[in-house]
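Engineer: Supplied in structure tokens, the structure appears directly below.
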Amino acid sequence: MNNDGNVKIPHGPQADEAPNEAPDFSSKDSRKDVDEATPVESNSETEISHEEPIEPTNANAAPETADTEPVDIFATKEEQAESDKQTETSASTSHIGNNPFGNRNHYQGKAPKSNVPQFFSDAVVASTPINQPKGKNKLLLIGAGIGVIIVAAILVFTVIVPSVSNSMLKQKISTNNREIRKVFNQYAHFILDGTDSEDNIEEYDQSKEYNITKIYRQEDPSALTNFYRTANEKFTKVKDKINELYPERTEYSTKIADYASDFELSYSHAIYGDYSEEILIRKFLQSNRDSALSDVENFYKKYATENYSSTYIGDAINYYESIINIIAFYKDNKCSSEDGILTGICYKKYENSTPLQSLITDKNDFYDQKRNVMMIANEKVCTQLWSIYEQIKE
């Protein structure tokens, strides 16, 4: 005991004195006296936690079955270090639930070393989501909103607007076609059956003889002229209505222009006829080739119209020029009188002449070409009505 009344606990035998005997704690009275009178100083090298009071040893208590070892407070430093090493080894292999002091035991409080590879730990850390800053989240929301607006605009301009425009266009075309059909049906019925009806025409019947065919078979130039004058009035209304309602739609203007070239040729032929061959021969004999052909060209200029595209005029001029070539052959062989009349004797003289026969063949070929063009045009005036009707019907 020191002079201040405290008991100093030795940490091992001294060199010049014998070790003290350990106090006997078997008696409760003795233990109580020691606890009350002699406080134990804390050793800095061997820290013992006093957060919870150490229960006194009960001599009558059953022996402990846990794997923990009692702490020897009188052990030397070397013994204490060895004890710490053994305790750490035991703590790494035993479950924490066997520790009666919980996590507060100094010798079992150290966490065991992890056996997880470092690269696995790094991967787990890398895959852990990181909370984005609020400012970036706000930018993402703004970007998403702009994206929605762009998608909506694309849908409007690529789906909704074209759909509405197509619907309006179809409605307009339907209304326009209804107006065109009124004047077209009046023209078509006059060509087909000679009536003035606004009803839709029936399907084409190849075996049926239509009104225009009957007029041609009459071989009455006056009747044919009157028929085409009335037909031209009705057809002009059709052209004007299409040009009014579809000024920029080429599919309508092209189709009506193709039909107009055939109609105008038939109409011109019915109204003006062809140039007289007799007048041509007299003009050539009294004048010359150029003067005669000039009169032919001036005559057929009356056929030409804005939409005319037939080759009939060219074929007609070629035909009349072939007639001049034949007359020129007779004139060169002195087979014509001063008044331009060919003599029969001269004609019989050269009727088997090869040059003359060649000229006659050319004349017949040009006549057939001119005639075929006219026949096709006359036929199309009737048959092509259904081509226009298909475009303007509902």
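The values are calculated or read from the model by the stated rules, or taken from the named source; none is laboratory data. Since the structure is predicted, the reported quantities are computational estimates derived from the model, not experimental observations. Cβ sites come from the backbone with ideal geometry, for glycine too, and all protein chains shown count toward neighbours. Areas reflect the complete protein model, heavy atoms only, side chains present, ligands, DNA and RNA absent. Shrake-Rupley method; radii C 1.70, N 1.55, O 1.52, S 1.80 Å.
Engineer: Using protein chains only and a probe of 1.4 angstrom, how many square angstrom of V238 are accessible, to the nearest 10?
Structural biologist: V238 has an accessible surface of roughly 0 Å² with all protein chains in place.
Engineer: Using a 1.4 angstrom probe and counting only protein chains, how large is the accessible area of T354 in Å², to 10?
Structural biologist: Ignoring ligands and nucleic acids, T354 comes out at about 110 Å².
Engineer: Please report the equivalent ellipsoid semi-axes of the stretch 191-265, computed as sqrt(5 x eigenvalue) of the Cα gyration tensor, largest first, in whole Å.
Structural biologist: Here the semi-axes work out to 25, 15, 12 Å.
Engineer: Can I ask one more? Want the number for E219 to N333: 0.36 nm per residue separation, take away the alpha-carbon distance, what's left?
Structural biologist: Stretched out fully, the E219 to N333 stretch lengthens by 37.2 nm.
Engineer: Considering only Cα-Cα distances, which of the following residue pairs are longer than 25 Å: K208/K380; K241/K301; K334/K363; K241/K370; K301/K370?
Structural biologist: Going by Cα-Cα distance, K241/K301; K241/K370 fall outside the 25 Å limit.
Engineer: In addition: How far is it, in nm, from the label point at L141 to the one at N226 when both lie 7 Å from their Cα along the line to the Cβ?
Structural biologist: Taking the simple label geometry, L141 and N226 are separated by 8.9 nm.
Engineer: How far, in nm, would the chain grow between K237 and E297 when pulled straight, counting 0.36 nm per residue and subtracting the alpha carbon separation?
Structural biologist: 18.6 nm
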